[in-house]
Amino acid sequence: MEHGSLHCNAGSTSHVSKRLRSLRAALAASVCVLAAIGFSAAQAAAAQADPPGLPGPPPGAGSGFPLPPPPGQGPGAQPLGPPTAIPTGASGPGLLSGTANLRGTRVTLTVASTGGGRASLSAPSVANGTLASARYRCSRRRASVRLSLPTAAAGRIARAGQVLASVAFVQPGTTERLSLTLAVRPQPASYWTSEFGLRCNRPGYQPQLLAPNFSDTRPTTIDVRPWLAWYTAATGWHWIGTMGANASRWYRWTATPTGVAEWQTSGAITPWTWSPISVSPGRGTYVIAAFEAIYWYEHPEYVWSYARSGQGESVVTTYCVYP
């Protein structure tokens, strides 16, 4: 039938070919645009995804202790936390989780990184020096570091269940040393039991840290070191203290059965405060606080735990989230 036939000559063939080429080009452009949109959407989704794990122990956990308190001398006045801005970028690799599982003699660390280098693992409570090292390469801001430990060291960790460790990432022009928990039997995260902690102050971008009201069954001098850990999908976990990146000072108080004695001089509890803390919007930033503490018994006892996060006493979360 006439309406089902196609009649063409050389001129119309050329015209059809041009139309087909134009159509193919348009389709190719559309595919590229859709791919770009899909990639951007994937990036946005990744930026908003919760961290794979918590940051683990703060920098230098279990080390760098202050001198013991002089006998009979109470703590002096302690400064408040300084104005602090959460960084918008990282100086080196960041862990996606601060707890690494040891399987046999092998452990794998996943990090956010913009380049490759060499990682070296150490655990002073297990052995002196470097336990294991390996090179790593980065792809799409991620790197997997596969380390193999000596059998004897792995056995000591297995008997302990978990130990504090650190890993040094060496890249051209930079070295980043991060603390982590190396575990065969990972323990649940521990938190200071207190009504105080990290106040998110959402929908704003200025959290406030109130130190937990440290207590003890009898008056005991304590030294406390506060930290903030921050995470974005691009950087992984990093730490900032009251003295800057990876550095914080010790604060000395007296723990009593009713809390810190120095905070109750007026009858009401006035906790140590770190504020203002500023977070840049638009980066999908997660923030959590941690405190190390030394209880100065006859045999000093060291412990670290996370602080609770939330909008107040009634709304408690793992960390504060800032889109």
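Full-extension gain between residue 63 and residue 202, please, as 0.36 nm times their residue separation minus the C-alpha to C-alpha distance.
Roughly 46.6 nm would be gained on extension.
Which far-off residues, 5 or more places away or on another chain, put their amide H under 5 Å from the one on residue 260, with H placed in the peptide plane?
Here 214 satisfy the definition.
Quick one: work out Rg over Rh on the C-alpha atoms of segment 94-183, Rh as Kirkwood radius.
Taking Rg over the Kirkwood Rh, I get 0.95.
Going 7 Å from the Cα of residue 303 in the Cα-to-Cβ direction, what parts of segment 238-265 have a backbone nitrogen less than 18 Å from that spot?
251-261, by backbone N distance to the label point.
What spacing in nm lies between the two simple spin-label points modelled at residue 311 and residue 127, each 7 Å away from Cα in the Cβ direction?
For the pair residue 311/residue 127, the computed spacing is 5.1 nm.
In whole Hz, what ³J(HN,Hα) sequence does segment 133-140 give by Karplus (6.51, -1.76, 1.60; θ = phi - 60°), x for Gly and Pro?
Each residue of segment 133-140 in turn: 8, 7, 7, 9, 10, 9, 9, 6 Hz.
Relative to the present Cα-Cα distance, how much length would full extension add between residue 280 and residue 177 at 0.36 nm per residue of separation?
Stretched fully, the residue 280-residue 177 segment lengthens by 34.6 nm.
Evaluated at 20 °C with a viscosity of 1.002 mPa s, what Stokes-Einstein diffusion coefficient in µm²/s does segment 221-306 have when Rh comes from the Kirkwood expression over alpha-carbon pairs?
145 µm²/s
From the backbone phi of segment 286-297, what are the Karplus-calculated ³J(HN,Hα) couplings (6.51 cos²θ - 1.76 cosθ + 1.60, θ = phi - 60°) in whole Hz, Gly and Pro given as x?
3J(HN,Hα) across segment 286-297, in whole Hz: 10, 10, 9, 10, 9, 10, 8, 9, 10, 9, 7, 6.
Where does each of 285-297, 255-267, 202-214 land if you order them by average Cβ count within 10 Å, highest first?
Ranking the peptides 285-297, 255-267, 202-214 by packing returns 285-297, 202-214, 255-267.
Kindly list the residues of segment 222-251 that lie in the label zone of residue 142, defined by a backbone N under 14 Å from the point 7 Å along the Cα-to-C-beta vector.
Inside the label zone: 233-236.
Between residue 134 and residue 190, how high is the FRET efficiency from 1/(1 + (r/R0)^6) when r is the Cβ-Cβ distance and R₀ = 30 Å? Nearest 0.05. Numbers along the way, then the final one.
Details: r = 30 Å, r/R0 = 1.01.
With R0 = 30 Å, the Cβ-Cβ based efficiency is 0.50.
Rule-based calculations on the coordinates, nothing more; no lab input. This is a predicted model, so every value here is computed, not measured. Neighbour counts are summed over all protein chains in view; Cβ atoms, including those assigned to glycine, are modelled from backbone coordinates with ideal geometry.
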